[in-house]
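Accompanying notes for the structure given below.
Only the coordinates and a few stated rules stand behind these numbers; no lab work does. All figures in this text were calculated on a predicted structure; none of them were measured in a lab. Here Cβ is always computed from backbone atoms with ideal geometry, including for glycine, and neighbour counts include all displayed protein chains.
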Amino acid sequence: MNTTQISRSESHQRANKIVFTSYSKRNFYYRAEVSQYVLCQGCTPVNPYMNFDYNLSGVVDKSLIRIANNSLIAHTDELWVFGEVSDGVLAEVYLARRRNIPVHYFRRSSEGIFHEIDQSDVTLEDVSSWLWEYMLTGKDISRWHPRLRFYKEYPLVYPAYSKRNFYLQMHISQYCLEHHTVPLNPFLIFRYFIGDSVPRETVYEGNNNLVRISKEVWVFDEVSNGVLAEVRHKKEQGGKVKYFRHYSDKAPIAYRRIATDKVEFEAPKLGDEDLEKYRGEL
């Protein structure tokens with residue numbers, strides 16, 4: 001396990017840089033360590049194997065995941081490669097370089113510690129060296145990779161929901177993807193504070209950063225204290241907030257959009273004050 005630690009004072013730094021983490025499916029098992037490492041460097045990870053698990057367990061068409069991943073790269077500040085360069089990693093590096101997004105490379109030691117390496121020291125997994133070098137010279141490789149044939153981009157949305165509805169996390173992401181948006185699902189990306197391996201304040205900063213880069217906040221079911229804070233954060237940016245309620249408990253869970261006067265609150269979580277005061281903030 002990555003043993004990188006940060007102090008309590010460091011946990012208050014603002015993680016404004018968005019980092020897309022790229023790594024082979026063979027390294028799926030250390031996905032949480034990757035997110036932990038990025039957070040400990042003062043950045044916010046957009047980790048596809050956390051956000052979508054493995055293709056969202058097959059509940060959506062794989063093409064939606066590919067378009068979503070490509071869209072995420074377009075909204076990140078840097079791309080960090082962890083471990084060997086696989087066929088999929090090659091495509092992600094190519095997309096980043098085409099957008100002039102800086103790419104950094106990291107290797108994991110036998111002790112589980114990540115350290116940055118030079119591009120020339122990268123290990124190729126199932127990628128031919130000539131294709132790698134061809135891509136690095138700036139040549140177009142889109143015809144060699146099916147993922148690079150998707151030219152669509154979906155807008156990013158931040159699904160806000162109470163921890164009481166934690167169990168609906170996959171259904172919420174499925175709904176967003178099937179409505180051609182990319183969910184930045186906090187309960188998936190941060191897996192409930194990454195098992196408390198980093199200070200919670202650091203995760204809160206990361207959440208705020210995801211709200212910032214999303215086009216809209218989509219609120220699902222009851223509004224808790226945390227959800228209301230996320231709504232306020234988006235409203236302060238002048239962003240749009242939409243509200244949804246699930247109306248079927250049978251899989252797949254079905255949602256419909258609702259008006260603000262139909263939104264329910266998690267009282268007494270919001271205290272004893274008049275709930276209409278909060279409704280006015282929606």
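Extension gain, residue 153 to residue 213, is 20.1 nm, computed as 0.36 nm per intervening residue step minus the present C-alpha separation.
By the Kirkwood approach, averaging reciprocal distances over each pair of separate Cα atoms, the range 182-235 gets a hydrodynamic radius of 11.8 Å.
From the residues 167, 41, 180, which one has its Cα farthest along the dipole of the chain in the positive direction, the dipole being from +1 and -1 charges on Cβ of Lys/Arg and Asp/Glu about the Cα centre? So the residue we want is 180. Relative contact order of the chain, taken over Cα pairs closer than 8 Å and 6 or more residues apart, is 19 percent. Normalised by the number of residues in the range 127-191, the average gap of Cα pairs under 8 Å and 6 or more apart makes the relative contact order 31 percent. Rounded to two decimals, the Cα-based Rg/Rh of the range 131-212, with Kirkwood Rh, is 1.13. In whole percent, what relative contact order does the range 15-149 give with Cα contacts below 8 Å and a gap of six or more residues? Normalised by residue count, the contact order of the range 15-149 is 24 percent.
Under a model in which nothing but the beta-carbon of Lys, Arg (+1) and Asp, Glu (-1) is charged, the range 117-198 shows a dipole of about 500 debye around its Cα centre. For residue 262, the aspartates and glutamates whose Cα falls under 13 Å of its own Cα, not counting residues fewer than eight places away in the same chain, are 221, 222, 276. Checked against a 31 Å cut-off, the cross-linked pairs 152/242; 139/242; 62/235; 139/234; 17/152; 163/235 give Cα-Cα distances beyond that limit for 139/242; 62/235; 139/234. The ratio of the alpha-carbon radius of gyration of the range 15-149 to the globular-protein estimate 2.2 N^0.38 Å is 0.99. Over the range 156-279, the hull volume per residue, using the convex hull of the C-alpha atoms, is 110 Å³.
Please work out the Cα convex hull volume for the chain and give it in Å³ per residue.
Numbers: hull volume 37.7 nm³, N = 282.
In the chain, the Cα convex hull volume per residue is 134 Å³.
By the helix-only formula, in which each DSSP H run with n ≥ 4 contributes -39500 (n - 2.57) and the sum is divided by residues, the chain has a 222 nm mean residue ellipticity of -9500 deg cm²/dmol.
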